[in-house]
Amino acid sequence: MTEYVVEARGLTKSYGDFRAINNIDFNLPLGRIVGVIAPNGAGKTTMLNAILGLSSYEGKLTVLGRDPATERDALMKDVCFIADVATLPKWMKVVEVLDYVEAVHPKFNRAKAMDFLSRTKVPVDRKVRALSKGMIVQVHLAVVMSIDAKLLVLDEPTLGLDILFRKQFYQSLLEEYFDEDRTVIITTHQVEEVEHILTDVMFLRDGEIVLEANMDELTQQFIEVMVEKGKEAEAMALKPLRHGSSFGKSTCVYKNIDRETLAKLGETRRLGLADIFVATMTGDGQ
Amino acid sequence: MNIFKALVMREMLDGKSYYIRTPIILAGLTVAILILSTIFLGTVEIEGMEREKVKNIGEGIAMFQEKKPEELASAVTMFYWGSAILPWIAFPFVIFFSLLGTLYEERRDRSIMFWKSMPVADWQEVLAKLFVPVVIAPLIFMGVTVAAQLVIAIFMALIVLFQGGPALEMLPLGLMFVSWFTLLGHYMISALWTLPLLAWLLLVSSYASRMPFLWAALPPFILIAIEGIFFKTHGIANWILMHLGGWRKAMDDSRFDNIHGPRDVFDVVINGSLGELTSITASSPGMWVGLIIAGGLVYATIEMRKRAI
């Protein structure tokens with residue numbers, strides 16, 4: 001057994017000449033909530049599919065000490081995922097979904113799932129087909145959150161759901177599911193909504209990892225300064241990643257420059273994850 | 001084993017209308033038609049009955065019993081089979097479309113992503129999807145047939161009773177019982193022969209991106225055409241026909257020359273031939289080659305299921 005939940009070395013997936021993921025290395029320890037943030041087509045889903053044993057790959061990949069390509073069924077006792085919205089079988093009733101999972105999954109706690117569902121308006125004797133999109137996601141989340149897994153992978157889990165539900169979902173994920181014995185991987189385009197719960201982030205571009213960092217450390221590295229009038233030359237001398245202007249003042253973004261130094265130039269604030277992502281993706285953040 | 005049971009239950013639930021509703025509706029329909037037509041026609045004098053000096057079914061049975069008592073039980077049993085045969089006409093279609101649809105539909109509606117998130121191996125999934133239509137479905141069809149035959153038998157016994165005929169003759173339960181198991185045996189042997197064709201349907205279901213029906217029918221058809229045009233032979237077509245039932249030709253059919261009544265049909269064709277069919281099947285290299293091909297196709301299906309997302 002390794003100390004990492006996921007270990008990848010030289011992980012590559014090619015479709016003909018195209019490399020959807022290109023020779024990437026990473027380790028994910030237990031007890032983390034990792035956000036995988038990437039533009040469309042960067043290889044995010046390809047990487048997750050490899051981790052989940054849904055596709056073949058080249059290189060070395062170990063998930064909970066197993067090879068996902070050959071041991072998907074055994075792996076799924078400790079790994080849970082929601083790969084796409086609305087993958088629950090539409091012809092089943094909600095209770096039948098629970099019956100099935102209870103029969104095949106040794107770590108499923110039905111009472112817990114019923115408890116989650118009792119807090120929603122989901123009618124459990126209806127077919128999945130008859131539920132709204134939001135309810136279907138609620139059922140699926142109730143199922144995965146009632147499975148005592150070590151790794152939970154959520155690929156755009158809240159796509160198409162309203163903001164109230166999304167807030168509530170991330171809150172219960174943090175409060176009722178997550179602990180130091182589990183790792184959660186989340187991908188989403190709604191970066192602002194997850195950044196407060198993430199412990200780690202990984203940025204992907206063109207099949208490669210461009211940034212892998214601890215959230216606290218990352219947000220300390222990037223500082224934005226509203227430069228006071230007359231200090232523009234001084235600010236530019238520190239080589240900002242980006243500079244622009246708002247409300248007639250210059251704003252500069254810096255990476256790895258001491259906050260004390262920057263405070264002399266003007267008002268400082270930490271950059272949000274979305275802005276860090278944009279700064280990194282546009283190539284300046286390296 | 002628990003997982004396999006859960007998969008079988010799930011397949012049953014998914015194919016409820018195929019596997020359960022179809023036979024019940026069809027059997028119910030034939031029972032209803034038989035009962036209604038008997039009530040409205042069976043008690044009135046009809047032309048043929050008049051000539052034979054019988055007024056109704058009761059008297060007809062009594063006369064039959066008097067003339068050919070040894071034939072009656074077989075005749076009645078076969079009449080019940082004929083009355084409840086409709087589900088079995090639908091049965092090949094049920095097998096065909098459930099095998100062709102099962103691995104195709106789960107990819108089309110994306111539920112495959114949910115099934116794959118469970119600790120269930122792809123080989124278990126594929127075997128369950130083969131097992132349910134090929135083994136469980138005929139058992140259900142047989143169960144429904146048995147129920148329908150019993151309803152018809154009890155009804156006929158009551159009619160004959162009220163008409164003063166030999167009511168108990170309408171309940172040849174021993175022979176009916178034998179016929180159920182014997183015909184199930186016939187089915188199982190046929191299924192072994194048909195297995196490579198059934199496994200082909202399952203494989204098509206696992207790879208066709210759309211129109212599985214065309215994928216299932218077109219490649220064999222093209223191969224048959226190519227063989228016919230270039231080699232002037234019909235090997236592929238003959239192979240398919242042999243596995244669909246042509247294999248029965250290997251049976252010694254001289255005994256069919258001596259069929260003189262319902263009892264002979266029952267004894268020779270249904271009961272008598274089961275042993276010979278079994279030995280033909282077990283000793284036929286063609287059947288074993290077919291099973292090996294079926295195994296290869298199932299293996300390919302499992303490999304396709306592993307890669308499918």
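Values in this text are rule-based calculations from the coordinates and carry no lab data. From a predicted model like this one, the values you see are computed outputs, not experimental measurements. Here Cβ is always computed from backbone atoms with ideal geometry, including for glycine, and neighbour counts include all displayed protein chains.
Quick notes on this structure:
- Among the residues of A:102-109, the average count of other protein chain beta-carbon atoms within 10 Å of the residue beta-carbon is 4.
- Loop-located chymotrypsin sites (Phe, Trp or Tyr not before Pro) in the range A:7-100 (DSSP state other than H, G, I, E, B) with a sparse environment of at most 10 neighbouring Cβ atoms within 10 Å are absent.
- Among the listed pairs A:K77/A:K167; B:K5/B:K116; A:K93/A:K150; A:K93/B:K5, a Cα-Cα separation exceeding 20 Å is found for A:K77/A:K167; A:K93/A:K150.
- Short-range pairs are left out: with C-alpha atoms under 8 Å and at least six residues apart, the relative contact order of the range B:189-309 is 47 percent.
- Set of lysines near A:K249 by C-alpha distance (under 19 Å), chain-local residues within fewer than 8 positions excluded: A:K229, A:K231, A:K239, A:K264
- Sites matching trypsin sites (Lys or Arg not before Pro) across the range A:70-112 that sit in DSSP coil, with at most 16 neighbouring C-beta atoms within 10 Å: A:K90, A:K107
- The GluC sites (Glu not before Pro) of the range A:185-234 meeting both criteria, a DSSP state outside H, G, I, E and B (loop) and at most 15 other C-beta atoms within 10 angstrom of the site's C-beta, are A:E228.
- Summed residue charge, Cβ within 11 Å of A:E193's Cβ, Lys/Arg positive, Asp/Glu negative: 0
- Nonlocal amide H pairs with A:L152, under 5 Å, H built at 1.01 Å: A:C80, A:T183, A:V184, A:I185
- Longest exposed-site-free window of chain B, the sites being trypsin sites (Lys or Arg not before Pro) in a DSSP loop that have at most 11 other C-beta atoms within 10 Å: B:54-209
- For residues of B:103-113, the mean tally of beta carbons on other chains within 10 Å: 4
- Using the Karplus relation 6.51 cos²θ - 1.76 cosθ + 1.60 with θ = phi - 60°, the per-residue 3J(HN,Hα) values for the range B:235-240 come to x, 5, 4, 5, 4, 4 Hz, with x marking Gly and Pro.
- The alpha-carbon atoms of chain B, seen along their principal axes, cover 71, 46, 35 angstrom, with the largest extent given first.
- Straight Cα distances below 28 angstrom link B:K68 to the lysines B:K53, B:K55, with same-chain residues fewer than 8 positions distant left out.
- With both labels modelled 7 Å from their Cα along Cα-to-Cβ, the A:K60 to A:K127 distance reads 5.0 nm.
- Helix B:22-41 and the long axis of chain B differ in direction by around 20°, with both axes built from C-alpha atoms.
- Between 0 and 90°, nearest 10: helix B:57-67 axis offset from chain B longest Cα axis: 80 degrees
- Sites A:D67 and B:I292, calculated FRET efficiency, Cβ-Cβ separation with R0 35 Å, nearest 0.05: 0.70
- Degrees between helix B:86-108 axis and first principal axis of chain B (Cα, 0 to 90, nearest 10): 20 degrees
- Estimated 222 nm signal from helices in chain A, with DSSP H stretches of n ≥ 4 weighted -39500 (n - 2.57), rounded to 500: -8000 deg cm²/dmol
- Other residues lying with their Cβ under 14 Å from the Cβ of B:A6 contribute a combined charge of -3, Lys and Arg counting +1, Asp and Glu -1.
- Theoretical gain in end-to-end length, B:N2 to B:K68 [0.36 nm per residue, Cα-Cα removed]: 18.4 nm
- Mean residue ellipticity (222 nm) of chain B, computed from DSSP H runs ≥ 4 via -39,500 (n - 2.57), nearest 500: -23500 deg cm²/dmol
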